[in-house]
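None of the figures in this text is laboratory data; all of them are computed from the coordinates on show. In this text, all values refer to a predicted model and were calculated from it rather than measured experimentally. As a convention, Cβ positions derive from the backbone with ideal geometry for all residues, glycine included, and neighbour counts pool all protein chains shown.
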Amino acid sequence: MSSDGISDTPTNLVAPKTDATLTIRVIKSFEYRTEKSLVLHHVNLETTTVGQLKGTVRQAIQTQPGWKPYRNITLDTIKLYTKAHGAKTTNLIINLDHDEWIFEDESKALADMGLENESEVSFFNRQSYEEFKEHPDIKWES
């Protein structure tokens, strides 16, 4: 602890892996940079699997107000965007490098995938992502 009474411990290490906060960046359109963030509190990273996280987010989209424009999207892929205190990509919608950060195994626990408190992940349609990687054109600037 510093002399002013403020903890020097990084926020990603303050909360245990059994009580983490995650930000899910639900991406509707890569080309138009359309995304909305869903913050999930009290997530147990040691027991929650990738598949369970997808189900939780899909349920929130279907039941919570403000998500109607996202209800017709096929969301099938989760990819790490950033960890707390980590470097962020220059692309505002998704990091196009590091395809190894895509969570392929739905049965793996989130902690096993490297998630920590205050991590951010992107949830999107894989086919749209692959098409955007081939032609990363931003249409809203045109």
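The length gained on full extension between Thr23 and Asp105, counted as 0.36 nm times the residue separation minus their Cα-Cα distance, comes to 27.5 nm. When the GluC sites (Glu not before Pro) in the range 58-139 are filtered for DSSP coil states and for at most 15 other beta-carbon atoms within 10 Å of their beta-carbon, the remaining sites are Glu104, Glu106. Shown in residue order for the range 30-46 are the 3J(HN,Hα) couplings computed by the Karplus curve 6.51 cos²θ - 1.76 cosθ + 1.60 at θ = phi - 60°: 6, 5, 9, 6, 9, 8, 9, 9, 10, 9, 10, 9, 6, 8, 8, 5, 7 Hz (x for Gly and Pro).
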